[in-house]
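**Student:** Sharing a structure with you now.
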Amino acid sequence: RIPRSANLKTGKDKFLDNYFLSTNPGVKLTDFVVENEDVDTLPLLQSFSFTRPTGGSGDYRYFTLNMFSGLEKNQFIAQTRISDVFFGANQFYYISGSFTLPDNYSFDVLPENIKMITPDTSIIATRRMNVAGNELGALVTVEFKKPVFTPEEYPDMMEFYKKLFDMLNEQIVIKKK
């Protein structure tokens, strides 16, 4: 909320470019709405519709849910850490999406629903997906129950982050009917 709220004040076009368009080439956004921009005790909600070309091979196409989360790049890849990881506050990511396929495509392979928890239960991540016809409903949550992780906790955190990013970037495969 804090960095995005500050960036939103620089203008809608710059905000969209910083958080959505620059990391997702080819995306076209419409119907962008921000809620709770001026209420710092509530989450900053951002919603929009989008279209995006998908990768593919032959009759198969694929895409990932991890397009607009702010979690596009794993920053914890170093094997060792000598200082605390400080997030500034507890964090909660709630990412929901509804994906509609063209009539000539169907879902082929979906990642499994999953829940991951660090050994000390300080980070919890879940992914839930449901298909109805040509629509996919998806929900991803990531909760950090504490803002500081010590160097001694870093190995568990680093391993969790690796699995988290594997989960976030898992491909959804669709095929031509």
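The values are calculated or read from the model by the stated rules, or taken from the named source; none is laboratory data. Since the model is a prediction, treat every value here as computed from it, not as a measurement. A quick note on method: Cβ atoms are made from the backbone with ideal geometry, for glycine too, and the neighbour counts reach across all protein chains shown. Just so you know, the surface numbers come from the protein's heavy atoms only, side chains and all, with ligands and any DNA or RNA stripped out. Shrake-Rupley method; radii C 1.70, N 1.55, O 1.52, S 1.80 Å.
**Student:** Filter Lys12/Lys163; Lys9/Lys145; Lys9/Lys115; Lys28/Lys73; Lys12/Lys145 down to the pairs with a C-alpha to C-alpha distance above 25 Å, please.
**Tutor:** Violating the 25 Å limit, Cα to Cα: Lys12/Lys163; Lys9/Lys145; Lys9/Lys115; Lys12/Lys145.
**Student:** Now for a separate question. So what are the ³J(HN,Hα) numbers for the range 66-76, from phi and the Karplus equation (6.51, -1.76, 1.60; θ = phi - 60°), rounded to whole Hz, Gly and Pro as x?
**Tutor:** With the stated coefficients, the range 66-76 comes to 7, 10, 10, 7, x, 10, 6, 10, 6, 8, 10 Hz.
**Student:** Follow-up question, since we're still on this one. Once R0 is set to 41 Å, what does the formula 1/(1 + (r/R0)^6) return for the Cβ-Cβ distance between Gln91 and Thr54, expressed as a FRET efficiency to the nearest 0.05?
**Tutor:** Calculated value: 0.90.
**Student:** Which residues in the range 138-164 have a backbone N closer than 20 Å to a point placed 7 Å from the Cα of Thr126 along the Cα-to-Cβ line?
**Tutor:** 138-146, 160-161, 163-164
**Student:** Further question: Extending each Cα 7 Å along its Cβ direction at Asp156 and Ser22, get the distance between those two points in nm, one decimal.
**Tutor:** That separation, rounded to one decimal, is 3.5 nm.
**Student:** For the pair Thr80 and Glu37, how long in nm is the line joining their label points, each one 7 Å along Cα→Cβ?
**Tutor:** Between Thr80 and Glu37, the label points sit 4.7 nm apart.
**Student:** In whole percent, how big is the carbon plus sulfur part of the accessible area of the chain, probe 1.4 Å, protein atoms only?
**Tutor:** That share works out to 52 percent.
**Student:** Taking 2.2 N^0.38 Å as the expected size of a compact globular protein, what ratio does the Cα radius of gyration of the range 120-165 give against it, to two decimals?
**Tutor:** Normalised by 2.2 N^0.38 Å, the Cα Rg of the range 120-165 equals 1.54.
**Student:** Tell me the per residue accessible area of the range 1-137 using a 1.4 Å probe; a whole number in Å² is fine.
**Tutor:** For the range 1-137, the per-residue accessible area is 64 Å².
**Student:** A further question on this structure: Helix 154-168 against the longest principal axis of the chain: what's the angle in degrees, Cα atoms only, rounded to the nearest 10?
**Tutor:** The answer is roughly 10 degrees.
**Student:** Counting pairs of Cα atoms in the chain, how many percent are more than 20 Å apart?
**Tutor:** The calculated P(r) of the chain puts 60 percent of pairs beyond 20 Å.
**Student:** Compute the label zone of Gln171 within the range 1-33: residues whose backbone N is under 11 Å from the point 7 Å along Cα-to-Cβ.
**Tutor:** Within reach of a label on Gln171, which here means backbone N under 11 Å from a point 7 Å along Cα→Cβ, the range 1-33 contributes nothing.
**Student:** Could you order peptides 82-93, 142-153 by the average number of other Cβ atoms within 10 Å of their residues, highest first?
**Tutor:** Result, highest mean first: 142-153, 82-93.
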